[in-house]
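All remarks here apply to the structure that follows.
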Amino acid sequence: MLRRPYTFYKKTFWLLLLTLSVSGCGYNTLVELDQRVNSAWAQVENQLQRRSDLIPNLVNIVKGYAGHEKEIFQNIANARAAMMNAKSIPEKIDASNQMETSLRQLLAVVENYPQLKADATFARLMDEVAGTENRIAVERMRYNQAVEAYNSYARKIPVIYTVKIFGFDKEKPYFKAAEGAQTAPQINFNR
């Protein structure tokens, strides 16, 4: 049996330690990517807040024309409350998706009231809401890109060990479209 001298193990240890220190553990990059995700999420929240602030004005105008659509107004109020009370990113994503669904229902109701669409205040608010929805889409895309970069990097070796050792998130949640977002709302003129 061949026995290696103690100096061999000592040299191997120092060589391994030097290799790890030169290659890096990825800690600083993880911190940077984590901050990018947080920054991108802050921009999403900024636009979600803008939408949440516009919705009550839009609802009040529609109520004047379509006061009997109480269920939709209640759904919007509930969605807005859920958005305000959400604490974690997944809760906020769910609340945003709930708001999108409620807005699609509201816009379907608007189609039944041509005089409402002709109202100048309503038209201005709809332009603001449309602009905000576009901004949300852009910020969601940027957030998802930051999440993709983080998640891809956090799964690499040796970074995966750094994630575990320092308590970074193993994976950040993506902002996915609400269920049913791909289908257009049903508009019924025979009420």
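The values are calculated or read from the model by the stated rules, or taken from the named source; none is laboratory data. Just so it is clear, the structure is predicted and the values come from calculations on it, not from any experiment. Please note: Cβ atoms are built from the backbone with ideal geometry, for glycine as well, and neighbour counts cover all protein chains shown.
Right, Val138: in a helix (DSSP H, G or I) and within 16 Å of Ser96 (Cβ to Cβ) or not?
Details: in a helix (DSSP H, G or I): yes; within 16 Å of Ser96 (Cβ to Cβ): yes.
Criteria met by Val138.
Checking each residue in segment 152-172 for being within 22 Å of the chain's Cα centre (by Cα), aromatic (Phe, Trp, Tyr) and not in a loop (DSSP other than H, G, I, E, B) picks out only Tyr153. Of all residues in segment 159-177, those that are in contact (Cβ under 8 Å) with a residue 40 or more places away in the chain and polar (S, T, N, Q) have Cβ atoms under 7 Å from Cβ atoms of residues that are surrounded by 12 or more Cβ atoms within 10 Å (Cβ to Cβ) and part of a helix (DSSP H, G or I), 6 or more apart or on another chain, in Thr162/Tyr27; Thr162/Leu30. All conditions in (1) touching a residue at least 60 places away in the same chain (Cβ under 8 Å); (2) over 27 Å from Ala40 (Cβ atoms); (3) of a type in the set (A, V, I, L, M, F, W, C) hold for Val59, with the sole exception of (1).
Does Ala77 qualify as being without any contact (Cβ under 8 Å) to a residue 60 or more places away in the chain, over 15 Å from Ile136 (Cα atoms) and either over 19 Å from the mean Cα position of the chain (by Cα) or not in a helix (DSSP H, G or I) (or both)?
On the way: without any contact (Cβ under 8 Å) to a residue 60 or more places away in the chain: yes; over 15 Å from Ile136 (Cα atoms): yes; either over 19 Å from the mean Cα position of the chain (by Cα) or not in a helix (DSSP H, G or I) (or both): yes.
Criteria met by Ala77.
Taking residues in segment 131-142 that are more than 15 Å from Val37 (Cα to Cα), and partners anywhere that are of a type in the set (Lys, Arg), the pairs with Cβ atoms closer than 8 Å and at least 6 places apart or on different chains are Thr132/Arg50; Thr132/Arg51; Glu133/Arg51; Arg135/Arg50; Ile136/Arg51. Candidates in segment 106-121 are the residues that are in contact (Cβ under 8 Å) with a residue 40 or more places away in the chain and in a helix (DSSP H, G or I); of these, the one that is nearest to Asn75 (Cα to Cα) is Leu106.
Counting just the residues of segment 116-152 that are of a type in the set (Ser, Thr, Tyr) and buried (at least 17 other Cβ atoms within 10 Å of the Cβ), which one comes out nearest to Ala40 (Cα to Cα)? Show your work before the answer.
The first filter runs over segment 116-152 and keeps only residues of a type in the set (Ser, Thr, Tyr), leaving 121, 132, 143, 150, 152.
Still in the running and buried (at least 17 other Cβ atoms within 10 Å of the Cβ): 132, 143, 150.
Values: Thr132: 16, Tyr143: 5, Tyr150: 12 Å.
This residue is Tyr143.
Name the single residue, out of those in segment 79-94 being among the aliphatic types (A, V, I, L, M) and surrounded by fewer than 16 Cβ atoms within 10 Å (Cβ to Cβ), that is nearest to Leu48 (Cα to Cα).
Met84
All but one of (1) in contact (Cβ under 8 Å) with a residue 12 or more places away in the chain; (2) under 16 Å from Phe122 (Cα atoms); (3) surrounded by fewer than 16 Cβ atoms within 10 Å (Cβ to Cβ) hold for Asp53; state the number of the condition that does not hold. Status for Asp53: all satisfied but (1).
Being surrounded by fewer than 18 Cβ atoms within 10 Å (Cβ to Cβ), at pLDDT 90 or above and either out of contact with any Ser or Thr (no Cβ under 8 Å at 6 or more places or on another chain) or not in a helix (DSSP H, G or I) (or both), is that true of even one residue in segment 173-182? Let's see the steps before the verdict.
Kept after step one, since they are surrounded by fewer than 18 Cβ atoms within 10 Å (Cβ to Cβ), are these residues of segment 173-182: 173-174, 176-182.
Adding the requirement that they be at pLDDT 90 or above leaves 173-174.
Next cut, either out of contact with any Ser or Thr (no Cβ under 8 Å at 6 or more places or on another chain) or not in a helix (DSSP H, G or I) (or both) only: 173-174.
Within segment 173-182 (the criterion being surrounded by fewer than 18 Cβ atoms within 10 Å (Cβ to Cβ), at pLDDT 90 or above and either out of contact with any Ser or Thr (no Cβ under 8 Å at 6 or more places or on another chain) or not in a helix (DSSP H, G or I) (or both)), the answer is yes, since at least one residue qualifies.
For segment 1-34, a residue qualifies if it is at pLDDT below 70, surrounded by 10 or more Cβ atoms within 10 Å (Cβ to Cβ) and outside any helix (DSSP H, G or I), and exactly one does: Gly24. Got at least one residue in segment 97-109 being β-branched (Val, Ile, Thr) and farther than 28 Å from Glu171 by Cα? Yes, segment 97-109 contains at least one residue that is β-branched (Val, Ile, Thr) and farther than 28 Å from Glu171 by Cα.
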